[in-house]
């Protein structure tokens, strides 16, 4: 009997140990399954579900998507000029010269046509460039002796700064190639050498870029002062490389004014050094980066395009697909209401309509918490029974709840768009420069590039000839736009 009891106790102990081991294995299996799901989601992620640029998308899906869009466009419209739309061609202009062409002999009988009657003409105009050759000018200053015996020497013009030097046209063109066309230093030097027939050093190009940035000091001061008074300001930042160290390119911009600045830091320290935001009293549109919340003198609006990408990402989990679709619908409804109010000349969406959208927004956002485990997810991932999809849903829903006033700011001010595309477009050329020219060779060269880009992008907003704006910078001083008062 005692032996049987001992066997039972041993079996019970073994059974308890197996239960404990089974529970540990089940928990580990759930954790591994969650990690696999997270890795698969990361592998599937692209620019439509994250903040990655479209260029980072895998080539095969990109190609399929482009082909599908091309097919959709082909179904809607044929290629080429559409019926009823004006054509696009070169317009005739006053010619600099006329070259006449007359036939020498009759095509029928072979007789000469020197004195034949002119019975008609046809004209074709050719627009071309003359062969590029440098114009070399000697500036001679005279020293004259007065009757009193004193001698006075004339001053050289500003462009004649050395015994032999390049003039403002060459300097403007070099800056244009570097900072507008984003040519690398070596290729810019090669192009100028081919045009001018003179060896051009990369060191001289760096000095010219720094000179341009120095001449822009009054422009940048004016630009910052003007941006600080704008009712709506868009902000964004992106990484870049200075040698082997990561730096950040910041922008503060509107539809007419753009400031680009480079800084070793992304957040508070950079904003303090750039200025503008400390006392800004308008509405700042951004992507929700936490450091922007330090500025409380004005209002904030979050970029809805970022939120839509997050919603698409969360909606890839079947459990949250319907919820993500409903929240997307509410955001698009708010966008349509704001745009309709703006088109009607209203400063804000009508209160009754705005309240209806807010109520619908709040109800739909809160619905997701019924689908989630109770309480907050544990700080450590893959613990507490929370899956990666559930964590993503909880994080996004919490953000949408806590920042509802920022997300729906466009209902209070129809000048605020749903997205932050104005700022993202301002930084697009910076990423293009990174791809073409590679990393900056020094912080000073990056800062010079940012200053010139601020000038050129602002000029482009006003449809200015950019080469002409640089020519003016090197001769009469920086161009300043005639911007209307903020409104």
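Extending 7 Å from the Cα toward the beta-carbon at both residue 142 and residue 13 defines two label points whose distance is 11.9 nm.
Looking at the chain alone, DSSP beta bridges between its own residues are antiparallel in about 70 percent of cases.
If R0 is taken as 35 Å, the Cβ-Cβ distance between residue 24 and residue 321 corresponds to a FRET efficiency of 0.60.
The C-alpha atoms of the chain define a longest principal axis, and helix 2-44 lies at about 20 degrees to it. Modelled spin-label separation between residue 431 and residue 111, with each label point placed 7 Å from Cα along the Cα-to-Cβ direction: 7.2 nm. The angle between the Cα long axis of helix 388-402 and the main principal axis of the chain comes to about 70°, on a 0 to 90 degree scale.
Suppose R0 equals 25 Å; then what is the FRET efficiency for residue 402 and residue 281 from their Cβ-Cβ distance, rounded to the nearest 0.05? With a Förster radius of 25 Å, E is 0.60. In summary, the chain shows an alpha-carbon radius of gyration equal to 1.44 times the 2.2 N^0.38 Å reference for compact globular proteins.
Summarising the label geometry, the points placed 7 Å from Cα in the beta-carbon direction at residue 460 and residue 198 lie 3.0 nm from one another. As a calculated quantity, the FRET efficiency between residue 273 and residue 376 at R0 = 60 Å, using C-beta atoms, amounts to about 0.95.
What's the angle, to the nearest 10 degrees (0 to 90), between helix 217-227's Cα axis and the longest principal axis of the chain? The two axes meet at around 50 degrees. Please work out the C-alpha center-to-center distance from segment 199-274 to segment 93-158 and express it in whole Å. Taking the Cα centre of each part, segment 199-274 and segment 93-158 sit 43 Å apart.
Mean separation of Cα pairs under 8 Å and 6 or more residues apart, divided by the residue count, gives segment 307-405 a relative contact order of 27 percent. Highest mean packing comes first when the peptides 180-188, 346-354 are listed by Cβ atoms within 10 Å, giving 180-188, 346-354. Note on segment 307-405: Kirkwood hydrodynamic radius from all Cα pairs is 14.6 Å, rounded to one decimal. Between residue 68 and residue 476, the contour length at 0.36 nm per residue exceeds the alpha carbon distance by 141.7 nm.
Segment residue 344..residue 163, full-extension length gain: 58.8 nm, with 0.36 nm per residue of separation and the alpha-carbon distance subtracted. In the frame of its principal axes, segment 397-467 has Cα extents of 44, 30, 19 Å, reported largest first.
Shape summary of segment 351-480, radius of gyration then Dmax from alpha carbon positions: 23.5, 69 Å. What separates the Cα centres of segment 282-352 and segment 353-381 is a distance of 15 Å. Only helical runs count toward this figure. For the chain, summing -39,500 (n - 2.57) over DSSP H runs of n ≥ 4 and dividing by all residues gives -16000 deg cm²/dmol at 222 nm. At q = 0.13, 0.14, 0.17 Å⁻¹, what log₁₀ I(q)/I(0) does a Debye calculation on the Cα points of segment 155-307 give, no solvent, two decimals? Scattering profile of segment 155-307, log10 relative to I(0): -0.75, -0.83, -1.02.
Since every read-out is calculated from the coordinates, none of them should be taken as a lab result. Note that the coordinates shown come from a computational prediction; the quantities given were computed from them, not determined experimentally. Positions of Cβ are generated from backbone atoms using ideal geometry, with glycine treated the same way; all protein chains shown enter the neighbour counts.
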